[in-house]
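Visitor: Below is the structure I would like to discuss, written out as structure tokens.
The values are calculated or read from the model by the stated rules, or taken from the named source; none is laboratory data. Values in this document were obtained by computation on a predicted structure and should not be read as measured data. Cβ placement follows ideal geometry from the backbone for every residue including glycine, while neighbour counts extend to all protein chains displayed.
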Amino acid sequence: IFHSAMEGNALKAIELTQELAHDLLEKNEDLHFDLLSLHFVELVCSKK
């Protein structure tokens, strides 16, 4: 999960988190928001 996030693959990090700890993102909304924010940054940067 950490490596996926650090490599800029936020969606993979979210997917792995849901597989390994399915309720973690529901319980930790800040983590979920951070991963979604990372994905948003990835999308913006890929448009350049």
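Visitor: Report whether or not His22 is outside any helix (DSSP H, G or I) and either exposed (fewer than 14 other Cβ atoms within 10 Å of the Cβ) or modelled with pLDDT of 95 or more (or both).
Guide: Numbers: outside any helix (DSSP H, G or I): yes; either exposed (fewer than 14 other Cβ atoms within 10 Å of the Cβ) or modelled with pLDDT of 95 or more (or both): yes.
Yes: the conditions hold for His22.
Visitor: Residues in segment 1-43 that are in contact (Cβ under 8 Å) with a residue 24 or more places away in the chain and β-branched (Val, Ile, Thr): how many?
Guide: The total comes to 1.
Per-residue answers, yes or no, for (1) small (Gly, Ala, Ser); (2) exposed (fewer than 10 other Cβ atoms within 10 Å of the Cβ); (3) in a loop (DSSP other than H, G, I, E, B):
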| site | (1), (2), (3) |
| --- | --- |
| His3 | no, no, no |
| Gly8 | yes, no, yes |
| Ile14 | no, no, no |
| Gln18 | no, no, no |
| Ser37 | yes, no, no |
| Phe40 | no, no, no |
| Cys45 | no, yes, no |
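Visitor: Another question, then. Condition first: of a type outside the set (A, V, I, L, M, F, W, C) and at pLDDT 95 or above. Now tell me which residues in segment 5-19 satisfy that. Spell out the reasoning first.
Guide: First, the residues of segment 5-19 that are of a type outside the set (A, V, I, L, M, F, W, C): 7-9, 12, 15, 17-19.
Within segment 5-19, Lys12, Glu15, Thr17, Gln18, Glu19 meet the criteria.
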